[in-house]
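Here is the structure we will look at, set down as structure tokens.
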Amino acid sequence: MKKSIILFALILAFINCKNKSETNETSEPVKSNMSSGLLEVGCYSYNGNNSSITFEITKINTTITGNLNYHLAEKDANMGTFEGLLIDDIILGDYTFESEGVSSRREVIFKITNGQLFEGYGEMDDEGICFANTDHVTFTSTMPLTKTDCTK
């Protein structure tokens, strides 16, 4: 069962990376106070070692949407939006962001463990947009995102 879910996620990611068409946001009702059991609408953040990451999840429905911002030490800030899926304890989706006035997109992945989000890293495709294989992603604990108050 778990392998079929992972296979489904891979197929979805492959289709998503190859098909750059926009989804219709008006086809889904907005539900602002939903929870998946593992994940809640609200802010998840990391702040330490002169770096910060903030993931504000604004909607949990058939898709997960939100705002994702990276301010990493000695790197350019990235600020943008996230849209993806929650499959078991994995959040996989597209991060569309701006950095130094340039708009870009790449795939990001998080694993939910004990209420924290751990970002996954792995080999990317030739364009550097999608993971080459999500089965080979490793999840780091060096910058876990923890549920916080969005006003901080």
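Tell me whether the range 93-152 comes out rounded, prolate or oblate; compute the Cα gyration tensor, take square roots of the eigenvalues as a ≥ b ≥ c, and use a/c under 1.5 as the rounded threshold.
Working: a/c = 2.78, a/b = 1.20, b/c = 2.33.
In terms of gyration-tensor shape, oblate.
Between Asn114 and Lys147, the modelled label-to-label distance comes to 1.5 nm, taking each label 7 Å out from Cα in the direction of the beta carbon. FRET efficiency for the pair Leu85 and Asn50, taken as 1/(1 + (r/R0)^6) with r the Cβ-Cβ distance and R0 = 22 Å, rounds to 0.10.
Label the range 47-121 by shape, choosing from rounded, prolate and oblate, from the square roots a ≥ b ≥ c of the eigenvalues of the Cα gyration tensor; if a/c is under 1.5 it is rounded, and otherwise prolate applies when a/b is larger than b/c, oblate when it is not. Could the numbers behind the result be given before it?
Working: a/c = 2.11, a/b = 1.33, b/c = 1.58.
Because a/c hits 1.5 or more and a/b fails to exceed b/c, the range 47-121 counts as oblate.
Among residues other than Tyr121 whose Cβ falls under 15 Å from its Cβ, what is the net charge (Lys/Arg +1, Asp/Glu -1)?
Details: positive: Lys75, Arg106, Lys111; negative: Glu107, Glu119, Glu123, Asp125, Asp135.
Result for the neighbourhood of Tyr121: -2.
Placing a label point 7 Å from the Cα of Leu72 along the Cα-to-Cβ direction, the residues of the range 109-152 with a backbone N closer than 12 Å are 119-122, 143.
Residue ranges 89-96, 137-144 sort as 89-96, 137-144 when ordered by packing (mean number of other C-beta atoms within 10 Å per residue, highest first).
Each value in this text was obtained by applying a stated rule to the coordinates, not by laboratory testing. A quick note: this is a predicted structure, and the numbers were derived from the prediction, not measured. Heads up, the Cβs are rebuilt from the backbone with ideal geometry, glycines too, and the neighbour counts pull from every protein chain shown.
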